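Novice: Handing you this structure, nothing more for now.
Readers should treat all values here as calculations from the given coordinates under stated rules, not as data from a laboratory. Keep in mind it's a predicted model, so treat the numbers as computed, not measured.
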Amino acid sequence: MKQIIYFIFTLTVSAFIPHHLLSQEYLNVSGLIIDQKTRKPLPYASIGIANRHEGTISNQNGFFSMYLVDSLLNDTLIINYLGYESFIAPIDQLEGKNNQIKLRPVSTRIEEVVIRPLTPEDILERVKENYSINYPQNPFIAEGFYLQEIIENDIYIDFVEAYVDIYNPPYNDTSKCHARLVQGRTREDLGDIQFLKRLAEKQYEKQVRKALRKGDTIDTVATPSIQIIFGGPQSIAEEANIRNINNFYDKKTFKKFNYTFEENTWFAGRELYVIRAKSKRKIDHASIDAQLFIDKESYALVILKADMNFDIPAVLKPVLSLLRIKLHGIQMSQNVEYKMVNNRWYPHKTITTGYFEGTKKYKGKYEEYSYTTIKKAFVATDIQNKDVKPFPEEELLTDKPLREQIGEYEPTFWQNRTKIEYQIN
């Protein structure tokens, strides 16, 4: 929560394949996932293999395309979507076909009297009490697909899609997640951030004149640049670490929220409590409205959806006013989902999106306007949990912008990795 103001965010991805299986032959399973009745696409549906860690998600239009090693031909594909019955089918019946997969909403029987012996706070306490039963007690490596982008006024400012490995300590370990790059790529049509660019250029010109008066060379003046901090794959892994979501179910924070029950729902064939958490007042300058989906049997947090609306800190308002800068519509949404394998819930997908609008007035009639979307996502396509050790320091991603660390584009690496249409060909 404390890092929210920096906007660390997402976008959906389609299908991926564990990078350690590159030497094998592949089969393809793809399709469009829709609501059986309305025929509307179901975005971000979870797709996986029964009793295995491999998985992906559908894109924003409900489409997925998943490459699998051919040894999985006789396995079973499972598609899960919140509030819908699971779709289960043999892979050999889906492979190589243009599938349209219709999911059926779970029918909920309305009872005249609903008796809940537990309060929302009671259930949230049990989430924490059952950490050791529900979540990994040993470190694991999440292999997966990471994507980040910034779009300002419909122009891409930053874009990276990459395969990464993320080391995750056990839930009760306070050490940080860290990541290493497997392969990444970017776009060639990236622009510069326009918002406040003119202000930065004016400051640069001022510094140049000052340097020349002192007899210094111009190269001593830093070139103006405006950057938005992402945090990288390791930061989005921290967002999904169960110990970092305790703002909602720690006794110390209960007094900050109003908790209410909503109608139970289903996911992956399991009934879930749905608890709504609304902040009573601003927390870190944000009003928070969240839904926590908790497994009724195990008391595991399975899905978290949270929306946050930010206010400008009072200490910054005079400064922004002096500079004739207005920031408004600052929002963030977060979606974290876990997947059960061998009775443990592992992070499966994390999607975070931020928005803000800004205007800057200059002397005369000139005015800058910016509508910016900042997105970030990670989808775990496989989990390694045997003999796991932290990565050597020389393999770790650094604090430099990820785009500067991805190296040369290798087309052969991406041949059996499916891309969403808007991604690079």
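Novice: Output needed for segment 303-352: three equivalent-ellipsoid semi-axes, defined as square roots of 5 times the C-alpha gyration tensor eigenvalues, in descending order, whole Å.
Specialist: Calculated on Cα positions only, the semi-axes equal 39, 8, 7 Å.
Novice: Further, regarding this structure: What is the diffusion coefficient of segment 25-92 in µm²/s, taking the Kirkwood radius over Cα pairs and the Stokes-Einstein relation at 10 °C with a viscosity of 1.306 mPa s?
Specialist: This corresponds to a translational diffusion coefficient of 130 µm²/s.
Novice: Alpha carbons only, please: Rg and Dmax for segment 250-352, in angstrom.
Specialist: Considering segment 250-352 through its Cα atoms, Rg and Dmax are 17.5, 58 Å.
Novice: I need the semi-axes of the equivalent ellipsoid of segment 279-425: take the C-alpha gyration tensor, multiply each eigenvalue by 5, square-root it, list largest first in whole angstrom.
Specialist: 36, 26, 16
Novice: Would you kindly give the portion of the calculated P(r) for segment 224-309 that falls above 21 Å, as a percent of all Cα pairs?
Specialist: Considering segment 224-309, 40 percent of its Cα-Cα pairs are separated by more than 21 Å.
Novice: Pull up all non-local amide H partners of ALA45: gap of 5 or more, or a different chain, and H-to-H distance under 5 Å with H placed in the peptide plane.
Specialist: The list, which skips near neighbours in sequence, is SER58.
Novice: Something else: Can you tell me what the convex hull of the Cα atoms of segment 59-99 projects to on average, as an area in nm²?
Specialist: 3.4
Novice: Hey, another quick one. In the P(r) worked out for segment 20-165, what percent of Cα pairs fall beyond 25 Å?
Specialist: Percent of Cα pairs beyond 25 Å in segment 20-165: 50.
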